[in-house]
Amino acid sequence: MFKRVLQSLSKSLGGGKPAPAAPLPPVEAPAVSKAAPPSQPVKQSTPTPVTPAKEVQTPEELCGITAAMTKAEISAQLKLLYRRYNRGASSLNAKVRLDADSMLDAIVAVREKHFGEI
Amino acid sequence: MAQYVGIDLGTTLSGLAYLKSDGNPEIVPNADGERLTPSVVYFDAHEDVKLVGSAARDGGDPDRTIFQIKRFMDDPEHVIKIDGRDWAPSEISAMILAKLKRDCSRIIGDIDDVVITVPANFNELARKSTIAAAEMAGMKVKRLVNEPTAAAVYYAHNQGVQGRVLVYDLGGGTLDVTLLEVTGDNIRILTSEGARHLGGSNFDEILLGAYDEQYRKQTGADLYSDERHRRRVLQAAEDAKKMLSKLQRVNDTIANDKDGGIARIDLTRDGFEKLVNRMLTRTILLVEQALDSVNLKPKDIDHVVLVGGSTRLPKVKTILEKMFGKPPKSCGNVDECVALGAALFAKKSARIQEICNASYGTLAMVYNAETGEEKLMNSVVIPKNSPIPCSRTQLYLTSEDDEKLIEVDITQGEDEDSRFVDVIGRLSLEVPPGRPKGCEVAVTFSYDENQRVRALVVDKQSGRSREVAVNYKGAGVLSDEELKRRSHHLRAMRIE
């Protein structure tokens with residue numbers, strides 16, 4: 001059912017097709033500058049800025065939680081985000097690590113608000 | 001010579017254990033008479049000596065003292081500048097290991113082959129740096145083993161448990177949660193999840209903030225103006241934290257370093273638990289993630305085992321008992337069980353089935369023929385939790401006509417979204433020109449017992465192939481040549 005076409009990072013960036021928008025967190029499209037030379041570790045730059053340019057977002061906004069969501073949907077969303085940003089806390093990219101910490105705080109805040117303290 | 005030796009190279013404390021002839025592991029004390037050695041290195045300004053352990057922690061110039069180097073083992077750009085020289089994190093770790101080797105070999109004989117423990121979520125680079133540190137210290141790493149796995153091995157050996165075990169390992173700098181199944185003498189790891197920068201040191205810093213706040217309120221002055229005094233107050237905060245695990249209320253008297261007066265610090269366990277509550281919630285999120293990743297519920301767990309000094313906090317026991325409906329059990333001495341388990345692991349490794357701790361794959365444009373959708377994704381080849389050693393292959397198609405160079409990015413991380421994975425390397429393969437797009441390329445990832453990854457790309461049409469291990473570059477990463485040179489230097493170094 002699936003056909004997988006190899007895309008190196010440099011091709012992906014030059015191909016004009018942006019990375020898919022994540023359905024959940026409020027992130028901007030990636031803006032990777034250039035690929036590293038072969039055989040050299042490559043770092044993705046500038047993913048997932050957590051702090052918006054215009055105004056400070058609430059933990060719910062950061063986590064993509066809306067008033068229409070059920071408890072089960074909120075729980076699933078928080079789990080997805082926790083997995084993503086907990087891993088991000090170990091990223092090779094310092095910016096990703098920093099952003100991850102802010103997001104983890106937001107995830108905990110939303111969890112405490114909707115499900116109570118541990 | 002000691003045949004089976006295990007080392008817990010911890011964020012705040014390190015320890016070495018060996019397997020006695022009766023099959024039981026024992027901690028070997030250092031030359032200072034301590035069972036565990038603080039993971040701290042001090043570069044003396046007057047003598048050509050590096051102090052490691054309590055002496056380094058307790059009195060040195062903070063600008064020449066390295067704490068918690070383990071937290072930077074995965075940072076390719078991290079270096080420590082002292083006396084005009086750059087020191088890589090692996091070199092600092094090597095000094096700690098050298099101290100353990102030199103001190104302990106006086107008691108148990110030569111130490112050559114060792115098992116070293118690492119956090120479950122240590123990435124490729126951090127594992128490679130740990131192996132390099134051991135080599136510089138004159139030891140060969142027989143295996144790296146995840147800390148919770150080592151602790152579980154010790155717990156199973158000591159308590160004779162069977163069934164599903166959840167190990168909650170809250171140490172000085174990291175949290176690891178591991179699920180495993182014990183059947184007879186065999187142990188099968190089901191999953192390991194880790195959280196970085198979540199451990200006792202974070203609690204100490206939070207308590208330091210409470211000291212600072214109370215001091216300011218009472219005296220109107222700053223509690224500390226330099227790093228040396230901040231370190232002293234941090235030590236006082238850590239002592240208070242330990243007391244709060246036993247007492248409901250603790251008082252301390254503290255002065256600043258500028259004659260700003262004395263303040264009486266009043267701390268309660270309840271207040272402290274409120275301060276660290278959000279950190280503890282993060283730990284529960286990790287436990288939930290571990291359970292979810294293997295489709296288990298709390299009721300499916302037979303034993304919850306506590307490892308790591310920070311599990312002495314009463315609230316840790318409370319929240320886990322609430323979650324699992326049974327009290328968690330302590331793994332004997334929570335500070336020593338990782339080293340003890342590592343020594344056991346050195347002998348029993350054949351009976352322990354470990355898993356791949358991260359997913360590895362490449363970037364690919366994935367077309368869904370059913371929906372017609374296409375998107376750039378992280379295409380996983382080896383999924384997290386695959387039993388190791390393992391090797392998996394995935395077929396891909398080339399994307400362009402007349403493609404002369406096939407480039408395969410090596411990704412680490414399970415997220416489908418390419419923004420949330422690390423690209424840890426790239427493999428390039430030259431292929432004959434003039435071919436249409438859509439030629440088949442087989443990408444194989446292999447994962448060894450030390451959790452190191454290799455990638456192989458085979459162009460099916462031409463038969464050309466190329467294989468690489470991931471090599472990192474950065475100011476804090478030593479080349480093979482540099483590693484050899486610095487090993488010689490380190491072995492001649494005076495380390496006390």
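Only one of B:Gly15, B:Gly23 is in a loop (DSSP other than H, G, I, E, B) and assigned by TED's automatic domain parsing to the domain that holds B:Asn158. Can you tell me which? Give the derivation first.
On the way: B:Gly15 fails: in a loop (DSSP other than H, G, I, E, B).
Exactly one residue qualifies, and that residue is B:Gly23.
Pick from segment B:403-460 the residues that are among the hydroxyl-bearing types (Ser, Thr, Tyr) and away from chain A (no Cβ under 11 Å): which of them is surrounded by the fewest Cβ atoms within 10 Å (Cβ to Cβ)? Once the filter is applied, the top-ranked residue is B:Thr444.
Within segment B:365-395, the set of residues being open to solvent by less than 70 Å² (accessible area, probe 1.4 Å) and not in a strand (DSSP E or B) comprises B:Gly372, B:Pro383, B:Lys384, B:Asn385, B:Ser386, B:Ile388. Counting only strands (runs of 3 or more DSSP E) that sit wholly inside segment B:51-144, those with at least 1 residues that are under 20 Å from B:Asp448 (Cα atoms) and not assigned by TED's automatic domain parsing to the domain that holds B:Val421 are B:113-118. Just wondering, is there one or more residues in segment B:5-18 that are without any contact (Cβ under 8 Å) to a residue 60 or more places away in the chain and not aliphatic (A, V, I, L, M)? Within segment B:5-18, not a single residue is without any contact (Cβ under 8 Å) to a residue 60 or more places away in the chain and not aliphatic (A, V, I, L, M).
For segment B:53-62, the condition of being under 20 Å from the mean Cα position of the chain (by Cα), on the phi > 0 side of the Ramachandran plot and buried (at least 24 other Cβ atoms within 10 Å of the Cβ) holds for at least one residue. Taking first residues from segment B:359-371 that are more than 7 Å from every other protein chain (Cβ to nearest Cβ) and partners that are basic (Lys, Arg) and open to solvent by 30 Å² or more (accessible area, probe 1.4 Å), the Cβ contacts under 8 Å between residues at least 6 apart in sequence or on separate chains come to B:Ser359/B:Lys384. Within the set B:Ser465, B:Ser399, B:Ser379, the sole residue that is over 28 Å from B:Ala126 (Cβ atoms), polar (S, T, N, Q) and within 10 Å of another protein chain (Cβ to nearest Cβ) turns out to be B:Ser399.
Residues of segment B:242-287 being away from chain A (no Cβ under 14 Å) and of a type in the set (A, V, I, L, M), which ones?
Here is the first cut: in segment B:242-287, the ones away from chain A (no Cβ under 14 Å) are B:242-269, B:271-272.
Passing the criteria: B:Met243, B:Leu244, B:Leu247, B:Val250, B:Ile254, B:Ala255, B:Ile262, B:Ala263, B:Ile265, B:Leu267.
Per the listing B:Ile92, B:Ile82, B:Ile107, the residue uniquely within 24 Å of B:His229 (Cβ to Cβ), modelled with pLDDT of 95 or more and of a type in the set (Val, Ile, Thr) is B:Ile92.
Quick grid of which residues meet (1) within 20 Å of B:Leu198 (Cα to Cα); (2) without any contact (Cβ under 8 Å) to a residue 24 or more places away in the chain; (3) aliphatic (A, V, I, L, M):
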position	(1), (2), (3)
B:Tyr224	no, no, no
B:Arg231	yes, no, no
B:Leu234	yes, no, yes
B:Ala240	yes, no, yes
B:Asn251	no, yes, no
B:Ile254	no, no, yes
B:Asp257	no, no, no
B:Lys274	yes, yes, no
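As a summary of the residue check, B:Gln353 satisfies the conditions (1) open to solvent by 60 Å² or more (accessible area, probe 1.4 Å); (2) more than 7 Å from every other protein chain (Cβ to nearest Cβ); (3) out of contact with any Lys or Arg (no Cβ under 8 Å at 6 or more places or on another chain) except for the one numbered (3). Going through B:Thr178, B:Thr174, B:Thr149 one at a time, which residue ends up being among the hydroxyl-bearing types (Ser, Thr, Tyr), closer than 20 Å to B:Ile284 by Cα and within 11 Å of the chain's Cα centre (by Cα)? After ruling out the rest, the residue left standing is B:Thr174. Hey, does segment B:191-204 have a residue that's of a type in the set (A, V, I, L, M), closer than 28 Å to B:Ser359 by Cβ, surrounded by 24 or more Cβ atoms within 10 Å (Cβ to Cβ) and away from chain A (no Cβ under 14 Å)? Within segment B:191-204, none of the residues are of a type in the set (A, V, I, L, M), closer than 28 Å to B:Ser359 by Cβ, surrounded by 24 or more Cβ atoms within 10 Å (Cβ to Cβ) and away from chain A (no Cβ under 14 Å). Annotation note: Cβ proximity below 8 Å between a residue of segment B:139-153 that is at negative phi and a residue that is aliphatic (A, V, I, L, M) and modelled with pLDDT under 90 (sequence gap 6+ or interchain) occurs for B:Asn146/B:Ala120; B:Glu147/B:Ala120; B:Pro148/B:Ala120; B:Thr149/B:Ala120.
Considering the conditions (1) among the charged types (D, E, K, R); (2) within 27 Å of B:Arg231 (Cβ to Cβ); (3) in contact with a strand residue (DSSP E or B) (Cβ under 6 Å, 6 or more places away or on another chain); (4) surrounded by fewer than 23 Cβ atoms within 10 Å (Cβ to Cβ), B:Asp8 is excluded by exactly one of them, (4).
Going by what's in this entry, would B:Ala255 be described as more than 27 Å from A:Tyr85 (Cβ to Cβ) and at pLDDT 90 or above?
Details: more than 27 Å from A:Tyr85 (Cβ to Cβ): yes; at pLDDT 90 or above: yes.
In short, yes.
The values are calculated or read from the model by the stated rules, or taken from the named source; none is laboratory data. None of these values were measured; they are calculated from a predicted model. FYI the Cβ positions are ideal-geometry reconstructions off the backbone, even for glycines, and counts take in every protein chain you see. Accessible surface is based on the protein model in full, side chains and every heavy atom, while ligands, DNA and RNA are left aside. Shrake-Rupley method; radii C 1.70, N 1.55, O 1.52, S 1.80 Å.
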